[in-house]
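A short worksheet on the structure shown next.
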Amino acid sequence: MRGLPRYLKTVLWLVLAVLLNGVTSRSASAAAMARLNGSFIQYWSVMQSWPDQNWQTILGRMQELQMDTVIIQALASENSDGSIYSFIGAPGEPDPTETILRYADTNNFKVFLGLYMLNWNHDMVGADFLAETQSRMAAVVQQAWTRYLTNNAHPSFAGWYIPYEPWTAAYTPAEITRLRAFFQNITSACEQIAGDRPVAISPFISGWRPNPCQVESLYSELLNGSGLSIVLLQDSVGAQQWNDDIVQRTAPYFQAFQNACATAGVQFWANLESFLITNDVYTATDISRLRRQFDAATPFVEKIVTFDFLHYMNPDIFLSGWNNARRTRMQQLFNDYRTQFVATEYAPDSPPRLTLHEVAAGLTLNWSGMVGDAFEVQAKAAWDDDWLPVTTTIITNGFNYSCQVTTSDECRFFRVRRMSRLQVPDSMIWIPPGQFVMGTPASDPDRTADELTSFSAALTQGFWISRHEVTQSEYQNLLCTNPAAFASALENPVEQVSWTEAMNYCQSLTEREQMAGRLPAGYLYRLPTEAEWEYAARAGSTERFFFGTDPNALGNYAWYNVNSGNGPHPVSTLLVNDWGLADVSGNVMEWCWDWIGNAPSGPVTNFIGSTTGPYHAIRGGAWSFPWVNCRSGWRVGYATASRQAYVGFRVVLAPPAP
């Protein structure tokens with residue numbers, strides 16, 4: 001570029017930056033930019049009398065957030081007495097759908113019209129019910145076409161939405177056949193009246209969750225040949241009231257639906273629930289939870305909408321029954337979303353978009369990111385050369401990043417590569433390094449033969465450890481199987497797993513999180529060592545239990561043979577120790593990484609038990625054992641392949657070993 005005028009060099013550098021934007025060593029989703037493309041709108045009867053200006057204000061606010069898609073949930077709905085309430089107004093009467101379509105026509109919006117919304121107090125897969133519902137939906141298609149769409153009156157009309165929400169339950173083969181025929185008949189009716197327009201559904205993740213592999217198989221069969229064009233998966237975060245571990249709970253189901261939709265040739269969108277339920281009161285969620293919902297869905301979907309902007313993000317038009325607290329939360333969510341997703345690019349899985357300008361020493365590169373992001377600047381001399389790291393100082397305020405690079409014959413092409421950054425699940429607790437007395441005093445009359453005699457142990461490296469034992473939900477979301485003997489509740493700890501199976505879970509979790517870019521090199525998930533387990537379980541205590549010495553208080557903290565009712569319980573339902581760990585004294589016993597061995601003769605730093613042997617160490621009490629087996633120093637050894645209905649595990653997230 002020597003000899004070129006300054007303005008031409010700047011133009012060429014800008015061209016190179018545009019060409020290189022999007023180059024990354026990690027795969028990015030179709031929706032790499034995390035942003036709401038649109039929203040459902042749920043009609044209430046009072047809205048039929050709203051003036052046009054209300055709807056124009058709402059749509060203008062959606063447009064301000066760069067949304068361009070409206071999905072009207074239903075044009076007719078079933079009342080509790082079985083009668084039908086229609087939102088389709090007669091020509092010349094006030095009609096919100098007509099207003100929305102007119103606005104959309106001139107503002108480049110796309111509008112999907114929802115059909116008949118059924119009452120959920122039915123046999124939802126019964127043949128008679130499906131036949132009646134199908135007939136009612138076909139009638140709404142005809143009514144909507146006649147009222148709004150004859151002669152292509154509204155070019156913004158994009159397709160239809162079927163307000164029948166299937167779930168992730170294990171439908172029987174006969175039910176799948178009936179549901180597929182139900183969708184086929186409705187899509188056929190839509191096509192006969194309105195031509196080849198997309199037809200969408202919005203399944204939800206049910207509280208009772210078969211493993212993701214089963215869901216993928218079921219929906220591959222259900223969608224294939226159904227005539228459906230779009231699936232919008234409800235993340236169910238609002239409905240299920242999940243406020244932690246959202247990525248771990250929902251991402252496996254987004255992956256399953258993505259695979260099923262790809263098999264069936266169906267577009268896959270996300271339907272993120274922007275509401276929060278507290279004591280049966282619905283209100284707007286907060287931006288931190290919504291961001292985690294984006295983190296879970298973005299890698300798998302083509303577009304993202306929400307349910308719904310009008311009721312939970314709209315900052316201006318309020319129903320009279322909404323109190324000031326709800327209005328304030330709606331305004332806050334709108335403002336926070338605009339700040340963090342519109343004014344600032346939020347694209348956690350994509351390469352950053354570069355801007356640059358020429359300075360005397362070369363170029364200044366600028367891009368956006370989030371707090372905790374890690375980047376590497378790279379350069380090469382020719383298009384087919386290998387990328388090499390550039391030594392430069394990256395300056396950031398947590399959201400805006402910049403650096404200066406020197407241009408030369410060796411550095412003509414530049415890119416910024418997003419590196420994996422550590423994203424710790426909500427269910428992990430940081431345990432700082434420290435020193436403690438490990439084992440049981442030789443003078444303790446309750447000490448058993450397998451227990452270590454007390455000694456001083458120091459841990460020089462902190463680590464994260466699961467707040468609770470690995471649940472059946474977490475286990476099956478990763479490995480698509482649930483080996484538990486007590487499989488009545490997915491939030492129960494997984495049990496009846498061998499040491500080998502627990503280790504396999506840790507390895508698979510490490511691989512998944514590395515592939516997702518949430519686990520940098522040098523970190524891994526594994527079983528805790530005995531020293532780590534006891535250090536975390538004691539939480540600074542030197543007594544027989546972390547809460548003291550009285551076995552009569554154990555029932556406040558642990559499920560054991562006195563209070564368990566002869567079985568395990570959902571995790572984290574009793575009091576935790578001082579470091580926030582639940583169930584370390586009961587529910588199920590827990591595998592440790594090391595083999596069981598003898599106590600050392602003196603103080604030890606970073607103690608690890610025997611590296612070989614016939615038995616692996618197991619710690620903690622269990623639902624079927626007495627209090628003496630629930631003490632912090634109690635231990636036993638089991639064979640690697642042993643599988644017991646009272647043995648599970650929790651995991652450690654560890655930096656490189658000291």
Scanning the stretch 381-393 for residues that are surrounded by 15 or more Cβ atoms within 10 Å (Cβ to Cβ) and either at pLDDT below 90 or of a type in the set (A, V, I, L, M, F, W, C) (or both) gives TRP387, VAL390
For the list (1) of a type outside the set (Val, Ile, Thr); (2) outside any loop (DSSP other than H, G, I, E, B); (3) in contact (Cβ under 8 Å) with a residue 40 or more places away in the chain; (4) crowded, with 18+ Cβ neighbours inside 10 Å, I need the number of the one condition that GLN378 fails.
(3)
Among the residues of the stretch 458-497 satisfying the criterion of being of a type in the set (A, V, I, L, M), outside any helix (DSSP H, G or I) and modelled with pLDDT of 95 or more, which is farthest from VAL571 (Cα to Cα)?
ALA458
Residue hits (the stretch 394-421; farther than 16 Å from PRO351 by Cβ, in a strand (DSSP E or B), among the hydrophobic types (A, V, I, L, M, F, W, C) and modelled with pLDDT under 90) are CYS411
Options ILE186, ILE193: the member that is open to solvent by 10 Å² or more (accessible area, probe 1.4 Å), touching a helix residue (DSSP H, G or I) at 6+ places or on another chain (Cβ under 6 Å) and β-branched (Val, Ile, Thr):
ILE193
What's the number of the only condition in (1) surrounded by fewer than 17 Cβ atoms within 10 Å (Cβ to Cβ); (2) of a type in the set (Gly, Ala, Ser); (3) modelled with pLDDT of 95 or more; (4) on the phi < 0 side of the Ramachandran plot that GLY265 fails to meet?
(4)
Restrict the check to the stretch 211-230 and report whether at least one residue is of a type in the set (Ser, Thr, Tyr) and under 26 Å from THR285 (Cα atoms).
no
Being outside any helix (DSSP H, G or I) and more than 15 Å from GLY114 (Cβ to Cβ) is the filter here, so list the residues in the stretch 176-202 that pass it.
GLY195, ASP196
Looking for something assigned to a loop (DSSP other than H, G, I, E, B), closer than 30 Å to GLN514 by Cβ and either open to solvent by 20 Å² or more (accessible area, probe 1.4 Å) or aromatic (Phe, Trp, Tyr) (or both) - is there at least one such residue anywhere in the stretch 300-308?
yes
Residue match in the stretch 422-432 (condition: within 36 Å of the chain's Cα centre (by Cα), open to solvent by less than 30 Å² (accessible area, probe 1.4 Å) and at pLDDT below 90)
no
Count - residues of the stretch 268-287 that are open to solvent by 50 Å² or more (accessible area, probe 1.4 Å) and in contact (Cβ under 8 Å) with a residue 60 or more places away in the chain
0
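Every residue, every condition in (1) open to solvent by less than 70 Å² (accessible area, probe 1.4 Å); (2) polar (S, T, N, Q); (3) without any contact (Cβ under 8 Å) to a residue 60 or more places away in the chain, yes or no:
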position	(1), (2), (3)
ASN37	yes, yes, no
PHE40	yes, no, no
SER49	no, yes, yes
GLN53	no, yes, yes
ILE58	yes, no, no
MET67	yes, no, no
ASP81	no, no, yes
PRO94	no, no, yes
Based on what the data block shows, is VAL628 in a helix (DSSP H, G or I), at pLDDT 95 or above and under 23 Å from ASN577 (Cβ atoms)?
yes
Residue among VAL584, VAL588, VAL571 that alone is under 25 Å from MET503 (Cβ atoms), in contact with a helix residue (DSSP H, G or I) (Cβ under 6 Å, 6 or more places away or on another chain) and of a type outside the set (Phe, Trp, Tyr):
VAL584
When CYS592 is run through (1) open to solvent by less than 40 Å² (accessible area, probe 1.4 Å); (2) touching a Leu at 6+ places or on another chain (Cβ under 9 Å); (3) closer than 13 Å to TRP559 by Cβ, the failure sits at (3)
Which of the residues spanning the stretch 505-540 are of a type in the set (Gly, Ala, Ser), surrounded by fewer than 21 Cβ atoms within 10 Å (Cβ to Cβ), modelled with pLDDT of 95 or more and in contact with a strand residue (DSSP E or B) (Cβ under 8 Å, 6 or more places away or on another chain)?
GLY540
Exclusive hit being open to solvent by 40 Å² or more (accessible area, probe 1.4 Å), modelled with pLDDT under 95 and of a type in the set (Ser, Thr, Tyr), set SER443, SER454
SER443
Tell me which of these GLY621 doesn't satisfy, since it passes every other one: (1) open to solvent by 10 Å² or more (accessible area, probe 1.4 Å); (2) under 17 Å from ARG544 (Cβ atoms); (3) of a type outside the set (Lys, Arg).
(1)
If you take the residues in the stretch 210-253 that are of a type in the set (Phe, Trp, Tyr) and outside any loop (DSSP other than H, G, I, E, B), which one is nearest to ALA296 (Cα to Cα)?
TYR253
Name the one entry in ALA521, ALA553, ALA531 that is small (Gly, Ala, Ser), under 29 Å from ASN504 (Cβ atoms) and in a helix (DSSP H, G or I).
ALA531
Every residue in the stretch 398-421 that is among the small types (Gly, Ala, Ser) and open to solvent by 20 Å² or more (accessible area, probe 1.4 Å), please.
SER402, SER408, SER420
Restricting to the stretch 348-375, count the residues that are open to solvent by less than 40 Å² (accessible area, probe 1.4 Å), part of a loop (DSSP other than H, G, I, E, B) and among the β-branched types (Val, Ile, Thr).
0
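The values are calculated or read from the model by the stated rules, or taken from the named source; none is laboratory data. The structure displayed is predicted, hence computed values, not measured ones. Counting neighbours? That spans all protein chains shown, and the Cβs are built from the backbone with ideal geometry, glycine included. Surface areas here come from the heavy atoms of the whole protein model, side chains and all, with no ligands, DNA or RNA. Shrake-Rupley method; radii C 1.70, N 1.55, O 1.52, S 1.80 Å.
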